[in-house]
Amino acid sequence: MSVSEFDPSTGLTPAAGRPPMRFMGDAGAPHLRILRPTEETGVNLLEYWQALVKHRVAIGVVFVIALVIGALVTLLMPPIYTATTTIQIDREAPKVVNVQQVDSPDLFSSEEFYQTEYGLLRSRTLAERMVKTLGLDSNPAFLGASRGGLIALFTGIAPSASDANHQAAAHKRAIKIFRHNLAIDPVRGSHLVKISYSSPNPLLAAQVANSTAENYITSNLERRYEASSYARDFLQNRLGQVKQKLEDSEKQLAAYATQQRIINLPGPTTGGNEVTQSPTANSLVSLNTALSDATAQRIKAEQEWRQAQTTPGVDLPQALASPTIQALIQSRAALQATYQDKLNLYRPDFPSMVQMKAQITELDRQINAQVGSIKAALKAQYQTALNQERSLSGQVNGLKADMLNLNDRSIQYNILQREVDTNRTLYDGLLQRYKEIGVTGGIGVNNISIVDRADPPDTPSQPKPLTNLALAAVSGLVLGAIVAFVMEALDQSIRTPQDVEEKLGLPLLGAVPLLGKEEAPKTALADLKSAFSEAYYSIRTSLQFTTNEGVPGALFVTSCQPSEGKSTTAQALAQNFARIGARVLLVDADLRNPSIHRAFPVDNGVGLSSFLAGACSIKEAAQPSGFPNLSITPCGPLPPSPAELLAGDKLRKFLAAARAEFDVVIVDGPPIMGLADAPILASATEGTVLIIEAGRTRRGAARAAVRRLEAANGRVLGIVLTKFNAKRATYGYGYDYAYGHDYGGRSVAKA
């Protein structure tokens with residue numbers, strides 16, 4: 001068939017020897033429209049909503065069941081009372097003495113410290129202490145003699161007679177009950193912590209809450225004391241070792257000093273440490289100081305003596321400073337003045353003048369004698385200073401030799417001395433730390449204090465009816481949604497047009513609405529304005545665009561299983577094509593359960609089986625239907641082996657002859673159902689329309705049917721979804737307008 005033989009206005013190919021026919025009335029044919037609220041990519045929230053609405057009944061049932069269970073649990077649950085004690089936890093306890101603690105909290109960050117304290121409050125050790133302190137393992141009210149069911153519900157431990165008689169089991173059960181009912185709630189932004197305990201007995205709840213705080217404080221003090229005690233024991237042992245080592249080092253130092261005749265005397269204190277010196281060193285220091293003074297005195301005396309040697313007598317400073325010489329000089333000057341005055345009156349040989357001259361000479365002699373005495377004294381002083389310097393220098397040199405010898409002998413002494421000093425420092429430090437720990441260990445100051453003690457509560461904290469019902473409602477909705485999604489995931493049935501494309505991957509030719517219980521398909525098809533008829537108009541239009549040549553000349557209609565509407569679809573398509581002027585041949589190829597002859601006034605004595613058996617011709621097999629442009633080839637007599645009869649060449653010859661006489665040949669075949677008839681017919685025709693009943697056919701069966709048809713080289717043009725109830729379909733698809741085929745007329749299946 002060439003493209004030139006195709007009529008684009010109708011989608012039909014002309015029969016041999018006839019001009020192409022132009023079908024009228026297709027311009028206004030309705031088309032199937034699938035409304036998709038979101039794109040395929042991303043999360044389709046509307047699909048989830050559609051699943052929830054689809055299974056709303058299941059969700060409602062689960063919701064009601066959850067509410068009933070919540071109400072029953074609330075009514076059956078005994079009242080639980082919660083008592084709360086508030087304590088304050090500080091990082092550091094108030095310091096009574098200014099000494100460092102053994103377990104300083106500064107070693108931990110603030111978050112680590114408080115998390116550690118919260119862990120201690122929840123610890124098993126504290127629980128065991130509580131059970132032992134209050135005797136909870138022997139308290140029937142605590143162990144659950146009056147609320148055994150509640151204990152079994154919350155702890156998974158059901159009290160029994162054997163356990164009650166067994167102390168170990170009762171103790172273990174008491175610890176589990178205590179830890180389960182205890183709640184530790186830190187107050188955010190503060191150092192406060194709330195210790196809450198829940199129990200059916202309000203007095204017991206308050207007693208346990210208060211006792212928990214007290215035991216926690218006591219255990220904290222004991223833990224601090226144990227840490228101090230351990231430190232004291234360790235320091236005491238260490239002190240004994242260091243003390244013995246100090247004594248041994250001091251003995252070695254004393255023995256070496258005696259052997260080497262080393263004597264050290266106490267000296268000045270420098271930097272808090274006493275410095276010792278030997279007598280030789282002290283003497284050397286003293287003599288060296290004296291030598292320095294003697295040298296200075298000798299230099300001074302030597303300078304004075306040398307000055308006296310070069311200076312005239314009376315000009316000598318020491319002479320000028322002498323009162324005697326000054327008196328003699330003054331007397332001589334006065335006498336010399338008198339002598340000069342008298343020379344004007346007397347001659348030098350005058351007795352008085354001679355006597356006066358003799359006095360002046362005597363005074364000169366006395367002055368010279370005094371100056372000589374001064375110079376002799378300066379020389380003697382210089383000689384004395386020189387002798388003293390030489391003597392001290394000799395002594396210093398001797399002490400230096402002794403000191404060098406002492407230094408050689410003091411090397412090992414200093415080593416032993418440093419060891420003694422180190423041991424003494426270590427011993428003093430350990431002794432001081434031991435005394436501090438002894439002081440802090442005996443001080444009962446704690447960093448934990450009770451702020452508010454628990455009082456027996458007046459009203460129960462559980463159950464909370466409104467809260468329980470709200471939780472039950474939310475749980476019911478969530479569980480119902482989960483059930484809905486599970487049901488949706490397990491639902492393999494094809495119910496909506498969207499399921500056809502998503503679950504089968506085939507194009508949808510159209511959806512036929514479900515008729516009412518009192519409405520027959522024949523009556524609905526006769527009403528040209530009904531939604532039923534309009535749906536088949538839309539399917540006819542869709543078939544015109546299934547191939548590039550329009551409607552296939554030979555069209556095979558089948559279904560996955562019986563009673564899905566394939567025969568009705570075949571009849572409706574045949575009538576619709578006939579209405580637009582095409583000459584149509586409707587062939588009943590269901591040789592096992594024929595039905596076409598019941599819908600039209602034809603004789604089933606001659607039909608397709610007769611032609612295939614060679615008993616009649618194509619003209620004899622094609623009978624008028626009473627409907628314009630529509631001929632019917634009924635099934636004919638039922639053959640014993642339909643598959644073998646269809647498998648021959650006669651079927652293809654029949655279809656070829658029918659194609660030569662008619663514009664469209666529609667073959668109503670049997671359902672696939674695992675039989676060989678449908679694949680044979682699919683391979684012999686040019687296209688196959690698969691009928692699927694909405695809500696009945698499952699995806700697996702539909703896929704198996706498609707695979708069988710494709711395995712037989714059958715060409716599946718698309719799917720027709722029959723008996724589609726838009727009212728029962730999932731809300732949100734937008735089927736109201738898409739399937740409103742009776743626009744302007746009577747609505748049959750409006751969503």
Taking the residues in segment 183-226 that are assigned to a strand (DSSP E or B) and of a type in the set (D, E, K, R) as candidates, determine which candidate is farthest from the chain's Cα centre (by Cα).
K194
Say whether the condition of being over 21 Å from T422 (Cβ atoms), surrounded by 14 or more Cβ atoms within 10 Å (Cβ to Cβ) and touching a Ser or Thr at 6+ places or on another chain (Cβ under 8 Å) is met by at least one residue in segment 224-236.
yes
Looking only at segment 525-561, count how many residues are part of a helix (DSSP H, G or I), surrounded by fewer than 22 Cβ atoms within 10 Å (Cβ to Cβ) and touching a Phe, Trp or Tyr at 6+ places or on another chain (Cβ under 7 Å).
1
Filtering segment 620-645 down to residues that are of a type outside the set (G, A, S), in contact (Cβ under 8 Å) with a residue 12 or more places away in the chain, closer than 17 Å to D590 by Cβ and assigned to a helix (DSSP H, G or I) yields P642, L645
Here are L638, L645: which of them is in contact with a Ser or Thr (Cβ under 9 Å, 6 or more places away or on another chain), more than 23 Å from A572 (Cβ to Cβ) and either surrounded by fewer than 16 Cβ atoms within 10 Å (Cβ to Cβ) or outside the structural domain of N576 (by TED's automatic domain parsing) (or both)?
L638
Residue check: is L555 in contact with a helix residue (DSSP H, G or I) (Cβ under 9 Å, 6 or more places away or on another chain) and in contact (Cβ under 8 Å) with a residue 40 or more places away in the chain?
yes
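For (1) at pLDDT 80 or above; (2) touching a helix residue (DSSP H, G or I) at 6+ places or on another chain (Cβ under 6 Å); (3) hydrophobic (A, V, I, L, M, F, W, C), each residue gets a yes or a no:
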| residue | (1), (2), (3) |
| --- | --- |
| E214 | yes, no, no |
| A254 | yes, no, yes |
| R261 | no, no, no |
| T295 | yes, yes, no |
| R298 | yes, yes, no |
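Can you give me the number of residues within segment 592-621 that are among the aliphatic types (A, V, I, L, M) and crowded, with 24+ Cβ neighbours inside 10 Å?
4
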Is there a residue in segment 685-706 that is among the polar types (S, T, N, Q) and either under 30 Å from G581 (Cα atoms) or not assigned by TED's automatic domain parsing to the domain that holds G510 (or both)?
yes
For segment 74-88, how many residues meet the condition of being part of a helix (DSSP H, G or I) and loosely packed, with under 14 Cβ neighbours inside 10 Å?
2
Qualifying position, being on the phi < 0 side of the Ramachandran plot, modelled with pLDDT of 70 or more, within 46 Å of the chain's Cα centre (by Cα) and hydrophobic (A, V, I, L, M, F, W, C), among V445, V451:
V451
It is to be established whether one or more residues within segment 577-591 are in contact (Cβ under 8 Å) with a residue 24 or more places away in the chain and surrounded by fewer than 18 Cβ atoms within 10 Å (Cβ to Cβ).
yes
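Residue-by-condition table, conditions (1) surrounded by 14 or more Cβ atoms within 10 Å (Cβ to Cβ); (2) of a type in the set (S, T, Y); (3) at pLDDT 80 or above; (4) within 30 Å of S249 (Cα to Cα):
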residue: V354; (1), (2), (3), (4): no, no, yes, no
residue: L363; (1), (2), (3), (4): yes, no, yes, no
residue: I367; (1), (2), (3), (4): yes, no, no, no
residue: G372; (1), (2), (3), (4): no, no, no, no
residue: K379; (1), (2), (3), (4): yes, no, no, no
residue: D408; (1), (2), (3), (4): no, no, no, yes
Does segment 118-141 contain at least one residue that is part of a loop (DSSP other than H, G, I, E, B), closer than 19 Å to H180 by Cα and at pLDDT below 85?
yes
I'd like to check something: does segment 603-619 contain any residue that is β-branched (V, I, T), assigned by TED's automatic domain parsing to the domain that holds L525 and outside any helix (DSSP H, G or I)?
yes
Checking the condition over 30 Å from L392 (Cα atoms) and among the hydrophobic types (A, V, I, L, M, F, W, C), which residue from A327, A380, A296, A290 passes?
A327
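Scan segment 675-727 for residues that are among the small types (G, A, S) and over 14 Å from S493 (Cα atoms) and jot them down.
Across segment 675-727, the qualifying residues are A676, A678, A682, S683, A684, G687, A705, A711, A712, G714, G718, A726.
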Of those in segment 680-704 that are assigned to a helix (DSSP H, G or I), hydrophobic (A, V, I, L, M, F, W, C) and in contact with a helix residue (DSSP H, G or I) (Cβ under 9 Å, 6 or more places away or on another chain), the residue modelled with the lowest pLDDT is A702
So which of A321, A337, A358 ends up being more than 30 Å from Q309 (Cα to Cα), aliphatic (A, V, I, L, M) and either surrounded by fewer than 16 Cβ atoms within 10 Å (Cβ to Cβ) or in contact with a strand residue (DSSP E or B) (Cβ under 6 Å, 6 or more places away or on another chain) (or both)?
A337
Can you go through L509, L504 and tell me which one is under 58 Å from the mean Cα position of the chain (by Cα) and either more than 24 Å from R696 (Cα to Cα) or crowded, with 22+ Cβ neighbours inside 10 Å (or both)?
L509
Leading residue by the ranking (nearest to P312 (Cα to Cα)) among those in segment 392-430 that are touching a residue at least 24 places away in the same chain (Cβ under 8 Å) and among the small types (G, A, S)
S393
Of V665, V689, which residue is over 60 Å from the mean Cα position of the chain (by Cα) and touching a residue at least 60 places away in the same chain (Cβ under 8 Å)?
V665
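Among D677, D668, which is crowded, with 24+ Cβ neighbours inside 10 Å, in contact with a helix residue (DSSP H, G or I) (Cβ under 7 Å, 6 or more places away or on another chain) and either modelled with pLDDT of 90 or more or in the same structural domain as K619 (by TED's automatic domain parsing) (or both)?
Only one candidate passes the filter, namely D668.
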Look at T568 and say whether it is among the β-branched types (V, I, T), surrounded by fewer than 23 Cβ atoms within 10 Å (Cβ to Cβ) and over 43 Å from the mean Cα position of the chain (by Cα).
no
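The values are calculated or read from the model by the stated rules, or taken from the named source; none is laboratory data. Just so we're clear, the structure is a prediction, and the values are computed from it rather than from any experiment. So basically every Cβ, Gly included, is an ideal-geometry build from the backbone, and we count neighbours across all protein chains shown.
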